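Before any comments, here is the structure.
The values are calculated or read from the model by the stated rules, or taken from the named source; none is laboratory data. All values derive from a computational prediction rather than experimental measurement. Please note: Cβ atoms are built from the backbone with ideal geometry, for glycine as well, and neighbour counts cover all protein chains shown.
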Amino acid sequence: MTGSKGKRNKPTPAAPARDAREKATSDPDREPRNADPKAPRDPRVWSGLDVRRASAKGLGLFSTTLIAEGQPIATVEGTVMVFDYDEEPGWGETWFGVAPGKWIEPHPNSPPAFVNHSCEPNAQVRDGTRILALRTIHPGEEITIDYALTEEDPHWTMPCSCGSRRCVRLVRGAAKFAQPPTAKTASRTRAR
């Protein structure tokens, strides 16, 4: 399962993401840049989570405790990146789309940087930066999300071999982010 979030010309970092509208995650086969799975971890962030080898996928995020359906797993924080969509792959292999032309690259040693893709995920990103359990996740189970729901770029694809019965083999961006209001729509809204 290798893939790329698609190349963006000349990375333009913005402020670190702290707002719930800005989210991030990682690519399945790529260890996050500068990631060190043995680096010291803040116990408040890593409680109930661990990084382990995830078969052919490289490293993955695993639960060490029972996580109930709907329970928060992690909050995504990182660097906001802004680009126009581009047809050439390369940049942004661990990024999550948060708005049209806007992504977050998660901090390299944060739990979300190790979340892999599955076509039958047990977690999802909601409200921008919160990763929540879609169902009960048992100790020792890998935490996965569907990358298609975090990417809107029409050029982005990722070959998938997640092994689930519902594997689509080629993941494409399926997210539909709210478009920012234009001056014309903003003036119509105010006039009402």
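Go through (1) at pLDDT below 85; (2) within 20 Å of Val125 (Cβ to Cβ); (3) assigned to a loop (DSSP other than H, G, I, E, B) for Asp84 and report which single condition fails.
For Asp84, the failing item is (2).
Of the residues Thr75, Thr64, which single one is touching an Asp or Glu at 6+ places or on another chain (Cβ under 7 Å) and modelled with pLDDT of 80 or more?
When all the criteria are applied, what remains is Thr64.
Just one of (1) modelled with pLDDT of 80 or more; (2) within 11 Å of Ala113 (Cα to Cα); (3) assigned to a loop (DSSP other than H, G, I, E, B); (4) not aliphatic (A, V, I, L, M) trips up Glu69, so point out which.
Against the list (1) modelled with pLDDT of 80 or more; (2) within 11 Å of Ala113 (Cα to Cα); (3) assigned to a loop (DSSP other than H, G, I, E, B); (4) not aliphatic (A, V, I, L, M), Glu69 comes up short only on (2).
Find the residue count for the stretch 37-66, including only residues that are charged (D, E, K, R), surrounded by fewer than 11 Cβ atoms within 10 Å (Cβ to Cβ) and part of a helix (DSSP H, G or I).
So the answer is 1.
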